[in-house]
Amino acid sequence: MVEALSNSHARGTLGDSGFLRKHTINAESRMQRGRTLCLSGARTRRNLAPPSFVIAFALRAEIDLLVSHDKRRKSVALALGLATACSPWRGAPGVRASRPLMATKKEFALDAVRTDGWFERIGEGIGSFQALCEIVGERFFAFSIIVGARITALTVDRRNPDQTLVDFVVGATDDADLEPQRLSLADFRRRLVGALLVEEDRDDPPPARETDTEAIQLFIGVRFLLLAPLYGYSLRKLTVATDGATLGASHDGEDEVFDVPNFRARIRAHVQSELDRAQAGQRSAIDLSKVAEAESASLKSEWSKVIQLLGAWPAPLAIFLRTPEGQMLAPDARALISKGLGLLGSACVHLGEVNQAEEVFRIGIQYAQEGLAAADLFRRLGEALLIADRAGEAIGPLRRALAFGGAANEVMPLLGRALMRRHKNVAAYACLRSAIEAGVSERDLSVELKELESALGPALTAWKATRLGAG
């Protein structure tokens, strides 16, 4: 569905080549130039094909990092300067020749290069920050900033979130000839992680002075300075000696010391585990425990939350039903799945996605097969068709709902209205009278009853008189 991209771009490969020969980092000069990171949203697209379940998010946000004495802006400018320089998606020339470690032990405070909270501060200036984090994943969105992949648009597939389409460009904001690219969300995440895990083919010398922030950044690794805060590491001190270099850090409130190579390996492991968790979530998309939460959300009319919880169900469930395991599901599991699909379908109806709701209901009916679970789904399907002005098509599912034991006080009013729209006035009147006998307030049906009495006229009056006489 998504056109595969090659592992290299016209302007550079995904590998982390020597990125700091001509593109050196100088946080102060970057801040003075007023470096601007822009996530500008191209016009989003919407797939109108009935099977698709797609909405579009227009993503427009701009972070203004103009010259300021405010410390928060200064640290964001530093973080963005680091992110631009460390992007492994950007080719860069040359590597620095290595030199042996210094002969004496020396310590460097890392206050000048520490980037704690950089991602949160960036989020304060992006209106669509929360939506991006929810759809792409909070840490994956941070990864995209680090590697220099600027998201320009998202086309969200509610039914299969991993097939959400991500439009992005790779490069500096002032490059006019950037080539737009598109990947599914799952492929985009894999591409980001692959870029961050590329081994750096360089051996930067240790810093000589504490004021040489560029040398400190290069020695530790720029990407690791930005990744560390995402996993709770606050870097405090770099110690360089003849037998190697160590990093002193605070991790979740505990002071720890790491060899620099081991620290890099640990951060890489965190990044890899992030992708593993995302892929595991994709494989276990059908979590039956979410049905209760979705039911609570539907009672509060939080329809978007219902779709967020259950939106990934229909496609895998439609496939699973055709497998031997799907055919052998226990009745309780079938009932719970059909209930979840019923909640999802109703949420679609309330959000105006009637065609998608119909598809969801029909999958749910296949799981329910019969009984009250099937009755509930047929009622919901009939109601959806009635809302879509397809009254004639709604009559059949509503009658099936009654046949499977659906509650008359829920089904009869809907069936009466459907028959009215098809000008089956006698049958409609009978359904409404049955609804009243089942406990529906006559006041709730007063408009329909008045319309039917006017349509039936003297014949209805004579029937009422005959009935009263017989009584």
- (1) assigned to a helix (DSSP H, G or I); (2) among the β-branched types (Val, Ile, Thr); (3) within 28 Å of Leu343 (Cα to Cα) all hold for Thr466 apart from (3)
- Test Ser338 against the criterion of being assigned by TED's automatic domain parsing to the domain that holds Arg379 and loosely packed, with under 15 Cβ neighbours inside 10 Å, and give yes or no. no
- In the stretch 236-255, how many residues are surrounded by 14 or more Cβ atoms within 10 Å (Cβ to Cβ) and of a type outside the set (Lys, Arg)? 11
- Would you mention how many residues in the stretch 366-385 are surrounded by fewer than 21 Cβ atoms within 10 Å (Cβ to Cβ) and part of a helix (DSSP H, G or I)? 3
- Task: Considering every residue within the stretch 275-296, establish whether at least one is more than 17 Å from Asp157 (Cα to Cα), among the acidic types (Asp, Glu) and not in a helix (DSSP H, G or I).
- Result: yes
- Task: Answer yes or no: is there a residue in the stretch 345-353 that is farther than 30 Å from Leu225 by Cα, outside any helix (DSSP H, G or I) and not charged (D, E, K, R).
- Result: yes
- Query: Restricting the search to the stretch 429-450, which residues are surrounded by fewer than 14 Cβ atoms within 10 Å (Cβ to Cβ) and of a type in the set (D, E, K, R)?
  - Reply: Glu437, Glu442, Arg443, Asp444, Lys450
- Item | Neighbours by Cβ (under 8 Å, 6+ apart or cross-chain): first from the stretch 398-423, assigned to a loop (DSSP other than H, G, I, E, B); second acidic (Asp, Glu) | Phe404/Glu370; Gly406/Asp376
- Sole exception among (1) at pLDDT below 90; (2) outside the structural domain of Arg191 (by TED's automatic domain parsing) for Asp276, by number: (2)
- Residues being touching a residue at least 60 places away in the same chain (Cβ under 8 Å) and within 17 Å of Gln163 (Cα to Cα) - total across the stretch 120-133: 2
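The values are calculated or read from the model by the stated rules, or taken from the named source; none is laboratory data. Predicted model, so just to flag it, every value in this text is computed and none were measured. Glycine gets a Cβ as well: all are built from the backbone with ideal geometry, and neighbour counts include every protein chain shown.
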